[in-house]
Ligand code: HEM
């Protein structure tokens, strides 16, 4: 790490920066697009540049092919999910899975999401405290994706560790000493192998006895006579399970934190519960749960005024784009009535987040229920800390004090 901008990039991973990376991101956005390592690394932080790269046919998702291939793991290369593939393989695999995540299919999950949210808040009321992450933001999406896939509820504790290790390895290794990068890659390899072994057994069980779940549907899914191979099936299941574990939790926690810090916006939401979906949209813009992604320039790629040569790694600072004043006036203001459409928190183009309708619905219900049922919520002193992940960034602890939690019908619980 030599130049000030490379230093700023590596600062994003520092424990002191994690609670508020936005001043550093603003600096990087204003300097962007810029190139480092003789052009092998290009950084984009402006909304227009990132939106254009995400939709560009020369922007490859096969990150392992870049000149600066980050610490991709051996097993990830052997068994890539479609997140890391380009057309035509990406198109084929995504089409096989996408039916399960349409707006309509997801809307059918609403009663179940409401029931789980209600139960979790009632349990918190009985316990007399709400630690948002462990008591609401984490268990809700994890239960939903596990039920969708058909993963037994008693196996959840095993996934938590594997999933966190895989998520950790997705971070770009800015400034990591080689031995630390290797240790992360080894831990991810081990987690990936454990996941694969687990799903191999579960797939054998479902082949013998199909159930009404997504795993059974994926086993039999066909597209123009094509079926998922066993490795593709495993990579897809791991992708969905990790996405379901590590992203929506950040969205729910970030939204609740922003409301606690902006009591006028919380009061507005309480007076207008129909603004819950807008609150979620504004949170995605204001405090993105996935802070950055990357692409590889295939045969050269223009990023604003900077030309990225073949195989350059292009870092896209998604969280910086949400605060770009060119697109969002007064961008550091949290305003649930702003109409934040057009943010890039779910990316854009062919890899636009497949789980966006599900994440939006889960977060809208959770945030709406918290606003309507928790009386006089406050962030507890010392009640906030962040997990050590600069990319899938979010609190690992968020303690809310409250006067009471009412039942869904408005009566106190407990
Ligand atoms: C707030 C929650 C979420 C956020 C912010 C988020 C964000 C993203 C982003 C930025 C990408 C694009 C990555 C890239 O192309 O480089 C992505 C892709 C993806 N997401 Fe999400 N995600 C969320 C929730 C979910 C959920 C709940 C699921 C499913 C259970 C999911 C499944 C996927 C899949 C399968 C892809 C790959 C799509 C493709 O490569 O075609 N995501 N997500």
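Please tell me if residue 380 is away from the ligand (no atom under 16 Å from the Cβ), under 26 Å from residue 125 (Cα atoms), buried (at least 16 other Cβ atoms within 10 Å of the Cβ) and modelled with pLDDT of 95 or more.
Working: away from the ligand (no atom under 16 Å from the Cβ): yes; under 26 Å from residue 125 (Cα atoms): yes; buried (at least 16 other Cβ atoms within 10 Å of the Cβ): yes; modelled with pLDDT of 95 or more: yes.
So residue 380 passes the test.
Looking at 388, 325, which one is in a loop (DSSP other than H, G, I, E, B), away from the ligand (no atom under 16 Å from the Cβ) and closer than 22 Å to residue 242 by Cβ? Exactly one of 388, 325 is in a loop (DSSP other than H, G, I, E, B), away from the ligand (no atom under 16 Å from the Cβ) and closer than 22 Å to residue 242 by Cβ, namely 388.
This table checks each residue for (1) modelled with pLDDT under 95; (2) buried (at least 23 other Cβ atoms within 10 Å of the Cβ); (3) under 29 Å from residue 106 (Cα atoms).
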position	(1), (2), (3)
292	no, yes, yes
306	no, no, no
309	no, no, no
321	no, yes, yes
326	no, no, no
329	no, no, no
334	no, no, yes
362	no, yes, yes
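Does residue 260 satisfy the criteria of being crowded, with 19+ Cβ neighbours inside 10 Å and either without any contact (Cβ under 8 Å) to a residue 12 or more places away in the chain or near the ligand (Cβ under 10 Å from one of its atoms) (or both)? Steps first, please.
On the way: crowded, with 19+ Cβ neighbours inside 10 Å: yes; either without any contact (Cβ under 8 Å) to a residue 12 or more places away in the chain or near the ligand (Cβ under 10 Å from one of its atoms) (or both): no.
Answer is no for this residue.
The listed residues are 309, 331, and the only one of them that is more than 11 Å from the ligand (Cβ to nearest atom) and free of Cβ contacts under 8 Å to residues at least 60 places away in the same chain turns out to be 331. The listed residues are 350, 325, and the only one of them that is within 22 Å of the chain's Cα centre (by Cα) and within 30 Å of residue 9 (Cα to Cα) turns out to be 350. Is there any pair with a first residue in the stretch 97-117 that is in contact (Cβ under 8 Å) with a residue 60 or more places away in the chain and more than 16 Å from residue 139 (Cα to Cα) and a second that is away from the ligand (no atom under 13 Å from the Cβ) and assigned to a helix (DSSP H, G or I) whose Cβ atoms are under 7 Å apart and which are 6 or more apart or on different chains, and what are they? Close Cβ pairs (under 7 Å, with a partner that is away from the ligand (no atom under 13 Å from the Cβ) and assigned to a helix (DSSP H, G or I)) amount to 100/217.
Selection of the stretch 28-49 for residues being under 25 Å from residue 69 (Cα atoms) and assigned to a helix (DSSP H, G or I) yields 28, 29, 31, 37, 38, 39, 47, 49. Somewhere in the stretch 149-168, is a residue over 22 Å from residue 395 (Cβ atoms), in contact (Cβ under 8 Å) with a residue 12 or more places away in the chain and within 11 Å of the ligand (Cβ to nearest atom)? Yes: one or more hits. For the stretch 82-94, the set of residues classified as within 10 Å of the ligand (Cβ to nearest atom) and assigned to a helix (DSSP H, G or I) consists of 82, 83, 84, 90, 91, 93, 94, listed by residue number.
Using beta carbons and a limit of 8 Å, which pairs, at least six apart or on different chains, have the first residue in the stretch 357-375 and free of Cβ contacts under 8 Å to residues at least 40 places away in the same chain and the second one buried (at least 21 other Cβ atoms within 10 Å of the Cβ)? Pairs that qualify, where the first residue is free of Cβ contacts under 8 Å to residues at least 40 places away in the same chain and the partner is buried (at least 21 other Cβ atoms within 10 Å of the Cβ), are 375/405. Within the stretch 127-146, restricting attention to residues that are over 11 Å from residue 246 (Cα atoms) and in a loop (DSSP other than H, G, I, E, B), the residue that is farthest from the ligand (Cβ to nearest atom) is 128.
Here is a list: 40, 44. Which entry is within 30 Å of residue 87 (Cα to Cα) and within 21 Å of the chain's Cα centre (by Cα)?
Details: 40 fails: within 21 Å of the chain's Cα centre (by Cα).
So the residue among 40, 44 that is within 30 Å of residue 87 (Cα to Cα) and within 21 Å of the chain's Cα centre (by Cα) is 44.
How many residues are modelled with pLDDT of 85 or more and exposed (fewer than 14 other Cβ atoms within 10 Å of the Cβ) when one looks only at the stretch 67-88?
In the first step, residues of the stretch 67-88 are kept if they are modelled with pLDDT of 85 or more; the result is 81-88.
Checking which are exposed (fewer than 14 other Cβ atoms within 10 Å of the Cβ) leaves us with 87-88.
Qualifying residue count, the stretch 67-88: 2.
The values are calculated or read from the model by the stated rules, or taken from the named source; none is laboratory data. Predicted model, so just to flag it, every value in this text is computed and none were measured. Note: ideal-geometry Cβ built from the backbone for every residue, glycine included; neighbour counts use all protein chains shown.
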